[in-house]
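Read-outs throughout are calculated quantities, based only on the coordinates presented, and are distinct from any laboratory measurement. Quick caveat, the model's predicted, so the values are computed rather than measured. Quick reminder, even Gly has a Cβ in these numbers, built from the backbone with ideal geometry, and neighbours come from all protein chains shown.
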Amino acid sequence: MIFFDIDDTLLDHSSAEKLAAQAFGERYRERLPERSTPFIERWRRLTDQHMKRFLSGELTFQAQRRFRIREIFGQNFDDDECDAYFQEYLTFYESNWRLFDDVLPCLDALSHLRLGIITDGSSTQQREKLQRTGILSYFTIVLTAEDAKAAKPSADIFEQAWQASGTSVDVCWHVGDNLEKDALGASAIGMKGVWLNRSKAHAAMPEVTCCHTLKEFVSLVLEG
């Protein structure tokens, strides 16, 4: 069984987020408070801050969105106002969802094997990403942090995934872009954790299996 992360592994989330934040920030440039920090940096900081609260169970997915809107505008908007603003951002974000070029060749090459997803985020949005990009049908298991009530690198989410697979843990792979959350988190419970280090911005670690592309990962699986 081979599990994949979604964001920045299959789908280019960082580019979609950057383009969406730029468009949203420009649309509301006159209404946003003056700041020395670029809008995209503030948006990403608030996203990281409040997504952690969602993943820890402190906030609902919708609530973390509302906190981000209130803080970015510096206004105590009511829930309906927050939702309306965030929907505009979301429209920009969804319009920029793109798979990396190596995703479809990878999934096709491994389609004779059972494939699954282990991802943080909300069930609805993460499944929507798979549906809209046309790859949902490749996966027999889609497990989100919201489903599992645990976020990576917690052992709970990985254990739920491999148990659902009906196979032994040592024959399960998990590949993702985050070294700690994906590769080390999966390896900690006995899976074959693989770090997809697309940017090559960080040096490989001898004790961690690393690939720079999904083409390399396919070779690792089929030839290993």
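Some notes on this structure:
- Measure of compaction for the chain (Cα Rg per 2.2 N^0.38 Å): 1.06
- Bridging of LYS215 to lysines at a Cα separation below 27 Å is possible for LYS18, LYS129, LYS152, LYS181, LYS192, LYS200, once same-chain residues fewer than 8 apart are set aside.
- Selected from ASP78, ASP182, ASP102 as most flexible by GNM, with the chain as the system and alpha-carbon contacts under 10 Å: ASP78
- Each label point was placed 7 Å from the Cα along the Cα-to-Cβ direction; for ARG44 and GLN131 their separation is 3.0 nm.
- Cβ-based exposure ranking for HIS174, HIS112, HIS212, in which fewest neighbours within 10 Å come first: HIS112, HIS212, HIS174
- THR167 versus GLU30: modelled label distance in nm, points set 7 Å from Cα along the beta carbon direction: 5.7 nm
- Here region 151-224 is assigned +1 on the Cβ of each Lys and Arg and -1 on the Cβ of each Asp and Glu. Its dipole about the Cα centre then comes out at about 240 debye.
- The length gained on full extension between PHE73 and VAL208, counted as 0.36 nm times the residue separation minus their Cα-Cα distance, comes to 44.4 nm.
- At most 13 other Cβ within 10 Å, DSSP loop - GluC sites (Glu not before Pro), region 135-224: GLU207
- Cβ crowding within 10 Å ranks THR119, THR140 as THR140, THR119, fewest other Cβ atoms first.
- Per residue Cα convex hull volume in Å³ - calculated over region 13-95: 90 Å³
- For region 12-91, a simple Cβ point-charge model (Lys and Arg +1, Asp and Glu -1, everything else neutral) yields a dipole of about 300 debye relative to the Cα centre.
- Result for the chain in a Gaussian network model with C-alpha springs under 10 Å: among THR60, THR209, THR124, the largest mean-square fluctuation is at THR124.
- Top of ALA186, ALA164, ALA16 by mean-square fluctuation, Gaussian network on the chain, Cα under 10 Å: ALA164
- Leading residue at positive end of dipole, region 42-123 (Cβ point charges), from LEU59, PHE100, LEU90: LEU59
- As a proxy for reagent exposure, THR9, THR47 were ordered by neighbouring Cβ count within 10 angstrom, fewest first; the result is THR47, THR9.
- Placing +1 on the Cβ of every Lys and Arg and -1 on the Cβ of every Asp and Glu, with nothing else charged, gives region 1-150 a dipole about its Cα centre of roughly 200 debye.
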